[in-house]
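One structure is given below, encoded as structure tokens.
Since every read-out is calculated from the coordinates, none of them should be taken as a lab result. All values reported here derive from a predicted model rather than from experimental measurement. Because the Cβ atoms are built from the backbone with ideal geometry, glycine has one as well, and the counts that use them run over all protein chains shown.
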Amino acid sequence: MTTVTYSIPNISCGHCVHTIQSELSELPGVISVSADQATQQAVITFDGPATEAQIKALLAEINYPAVN
Ligand SMILES: [Cu+2]
């Protein structure tokens, strides 16, 4: 199990937080997603079959690219 904190500058409101949490939660292997508007970060805990590459690709796809 891995937990990664991503910086996502596009997070600007509660809707962004909701979108990121609901979209990422649907990825198989993602255990928890906690996005925060104030810090513009998302803390994501995952295990196989999810990979960091998949998570970053999905974030980019929904227009919330991570900068780290
Ligand atoms: Cu928003």
Inset, instruction - Only residues that are more than 8 Å from the ligand (Cβ to nearest atom) and more than 14 Å from LEU59 (Cβ to Cβ): list them for the range 13-22, please. - result: HIS18
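Per-residue answers, yes or no, for (1) of a type in the set (A, V, I, L, M, F, W, C); (2) within 16 Å of the ligand (Cβ to nearest atom):
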{"position": "ILE11", "(1), (2)": "yes, yes"}
{"position": "SER32", "(1), (2)": "no, no"}
{"position": "ALA42", "(1), (2)": "yes, yes"}
{"position": "VAL67", "(1), (2)": "yes, no"}
Inset, instruction - Select the strands (runs of 3 or more DSSP E) contained entirely in the chain, then report the ones holding at least 3 residues which are not hydroxyl-bearing (Ser, Thr, Tyr). - result: 30-36, 41-46
Inset, instruction - Pairs only if they're at least six apart or on different chains, beta carbon under 8 angstrom, first in the range 1-12 and surrounded by 14 or more Cβ atoms within 10 Å (Cβ to Cβ), second among the charged types (D, E, K, R) and part of a strand (DSSP E or B); list them, first residue then second. - result: ILE11/ASP36
Inset, instruction - Specify the residue that is surrounded by the most Cβ atoms within 10 Å (Cβ to Cβ); the eligible residues are those in the range 45-68 that are acidic (Asp, Glu) and closer than 19 Å to MET1 by Cα. - result: GLU52
Legend entry - Matching residues in the range 19-44 - criterion: being surrounded by 15 or more Cβ atoms within 10 Å (Cβ to Cβ) and either in contact with a Ser or Thr (Cβ under 6 Å, 6 or more places away or on another chain) or of a type in the set (Phe, Trp, Tyr) (or both): VAL33, GLN41
